[in-house]
Amino acid sequence: MLREALLIARKDLRVEWRSKVTLGHVAPLALLILVVFAFAFDANARLLELGAGGLYWVAVLFGGTLLIQRAFDVETEDGNFDAFRMSAIGAPSLFLGKSLGVFFQVVLLELVLVPGVVLLYNVRIENWVLLLAAAVGGTLAFSVCGVLWGAMAAGLRVRATLLPLLLVPVLAPVLLAGSRAFDTALGVRAEAGWTWTSLMFVIAAVHTAIGLGTFGFLLEEG
Amino acid sequence: MSTVVKFHKVVAVAGGFPVLAGLDIEIAKGEIVHLRGSNGAGKTSFMRVCAGLIPISDGDANVLGFDMRDDRRSPRRHIGLLGHDNHLYKDLWVQEHVEFRAAATGAEAGDAGAALRRVGLSDRLWSVPIERLSAGQRRRVAIASMLVGRPQLWLLDEPHAALDDEGRGLLDEILVEAASSGATVVFASHERDLSKSVATRVVTLRGGRLMEDSGAA
């Protein structure tokens, strides 16, 4: 299963490397969102500092949703899902592979956003380990939830508008936990950062289990 | 000669519409079957039912020894399907794509080169993004992607579409080779001349039922 998952992830990352969608389109858009918030809260620098964690995850949500949409567009645009159904690759491998591909693309996005937050919102990273763990946990949760719900919307003609509608409520706990953990890591609020980080890993684990169990059904019925 | 596809009064529904309405047909190993029929006759649906992509609602269907009522997934890995879509990743290079398909079907990556040569795609095109290819060249990549998996049952929907004369001749050769090496080929096409060139049998569908059958050659 791991070999097949890596095959899918490698293919998705290669498609991304050739198309440059993450770095060329999505990352600039996410950075623009950070800039817009910086302008919106310019009059109250303290408010911007306090909200830095939340605004970071809002930018990840916007950019990441586009990446998930893209991850399924490349499969649906020329009937590639049929090719998957006809191949020897199992649905759980496909789920893991797609999640892994999205994970690395969102990590790339975050590598652009973290310096953006530090520079634009004038915050300092107080706890690097917590920040890293929260980013990994939140990105994992985001990736597996996104791929699971992305597959549900993939077969529908209205998927472009439906996916964010499905995804935002599902990802609300991740956004909340990520914001709280980042607040602690950035030293703007004394929260139980590690508890919130653990919650994101739990959400990721639960959705991974659901995805492994149901992705075959979603693929067939999509 | 063993039977590869055996349908008995098969009914299949897709999107609430009956696409096969009691189809009876048997196809033996090594046959090259030309499926004919007007638009909406059920040619594409027949192939998708054979591939297990559309479930059957009634009747009995057996493909490559698998009962399609109980298990429509297992035969898939032995079937090559080329539909109206080419199933291509347009951002990938030609060779990358075929190597990926080879790996996904459990074939060796090295087989990709042989498949690309067989469909007449020269080496200089292997490192070109698929989106830059012409429609005919894309069709050749799609055929190579299917060829690399060495399927036992080939299901091709208008496979000659977009191909030039040389490409059509090449595809016909490939189909005959596949059949002579033990594979079974079913292709849908509106072109009558193809029956004379490669098909060993011509089957006409209408309204999801069998209307005419030239019988096995």
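Looking at A:GLY64, A:GLY90, A:GLY101, A:GLY53, which one is touching a residue at least 12 places away in the same chain (Cβ under 8 Å), within 14 Å of chain B (Cβ to nearest Cβ) and buried (at least 24 other Cβ atoms within 10 Å of the Cβ)?
A:GLY101
So which residues in region B:1-38 are under 17 Å from B:VAL186 (Cα atoms) and not in a strand (DSSP E or B)?
If the condition is that a residue be under 17 Å from B:VAL186 (Cα atoms) and not in a strand (DSSP E or B), then B:MET1, B:SER2, B:LYS29, B:GLY30, B:GLU31, B:GLY37, B:SER38 are the ones that fit.
Okay, residues lined up against (1) surrounded by fewer than 23 Cβ atoms within 10 Å (Cβ to Cβ); (2) outside any helix (DSSP H, G or I); (3) charged (D, E, K, R):
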| position | (1), (2), (3) |
| --- | --- |
| A:PRO173 | yes, no, no |
| A:GLY178 | no, no, no |
| A:ALA190 | yes, yes, no |
| A:TRP196 | no, no, no |
| A:THR208 | yes, no, no |
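Could you tell me how many of the residues in region B:137-162 are aliphatic (A, V, I, L, M) and touching a Ser or Thr at 6+ places or on another chain (Cβ under 6 Å)?
Let us first name the residues in region B:137-162 that are aliphatic (A, V, I, L, M), namely B:141-144, B:146-148, B:153, B:155-156, B:161-162.
Restricting the remaining residues to those that are touching a Ser or Thr at 6+ places or on another chain (Cβ under 6 Å) gives B:153.
So the count comes out to 1.
Conditions tested, residue by residue: (1) more than 19 Å from the chain's Cα centre (by Cα); (2) modelled with pLDDT under 95.
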{"site": "A:VAL168", "(1), (2)": "no, yes"}
{"site": "A:SER179", "(1), (2)": "no, yes"}
{"site": "A:ALA185", "(1), (2)": "yes, yes"}
{"site": "A:ALA205", "(1), (2)": "no, no"}
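I'd like to verify a number: residues in region B:42-91 that are of a type in the set (Phe, Trp, Tyr) and more than 8 Å from chain A (Cβ to nearest Cβ), how many? So that I can check it myself, show each step before the final result.
Here is the first cut: in region B:42-91, the ones of a type in the set (Phe, Trp, Tyr) are B:46, B:66, B:89.
Still in the running and more than 8 Å from chain A (Cβ to nearest Cβ): B:46, B:66.
Number satisfying all stated conditions: 2.
Tally the residues that are under 21 Å from B:ASP85 (Cα atoms) and among the acidic types (Asp, Glu), restricting the search to region B:96-143.
Qualifying residue count, region B:96-143: 3.
Please find, among A:PHE37, A:PHE84, the residue that is part of a helix (DSSP H, G or I) and within 14 Å of another protein chain (Cβ to nearest Cβ).
A:PHE84
Looking at region A:114-135, is at least one residue part of a helix (DSSP H, G or I), in contact with a Phe, Trp or Tyr (Cβ under 8 Å, 6 or more places away or on another chain) and within 19 Å of A:VAL21 (Cβ to Cβ)?
No; the residues of region A:114-135 include none that is part of a helix (DSSP H, G or I), in contact with a Phe, Trp or Tyr (Cβ under 8 Å, 6 or more places away or on another chain) and within 19 Å of A:VAL21 (Cβ to Cβ).
List the number of the failed condition for B:GLU99; all other conditions in (1) in a loop (DSSP other than H, G, I, E, B); (2) buried (at least 23 other Cβ atoms within 10 Å of the Cβ) hold.
Checking B:GLU99 against (1) in a loop (DSSP other than H, G, I, E, B); (2) buried (at least 23 other Cβ atoms within 10 Å of the Cβ), the one that fails is (1).
Sort out which residues of region B:103-154 are of a type in the set (Val, Ile, Thr), assigned to a helix (DSSP H, G or I) and either away from chain A (no Cβ under 12 Å) or in contact with a Gly (Cβ under 9 Å, 6 or more places away or on another chain) (or both), and write them in order of number.
Quick first cut of region B:103-154, residues of a type in the set (Val, Ile, Thr) only: B:105, B:119, B:128, B:130, B:141, B:143, B:148.
Next, from what is left, pick out any that are assigned to a helix (DSSP H, G or I): B:130, B:141, B:143.
Hit for region B:103-154 is B:ILE143, nothing else.
The values are calculated or read from the model by the stated rules, or taken from the named source; none is laboratory data. Quantities reported herein were computed from a predicted structural model and do not represent experimental measurements. Counting neighbours? That spans all protein chains shown, and the Cβs are built from the backbone with ideal geometry, glycine included.
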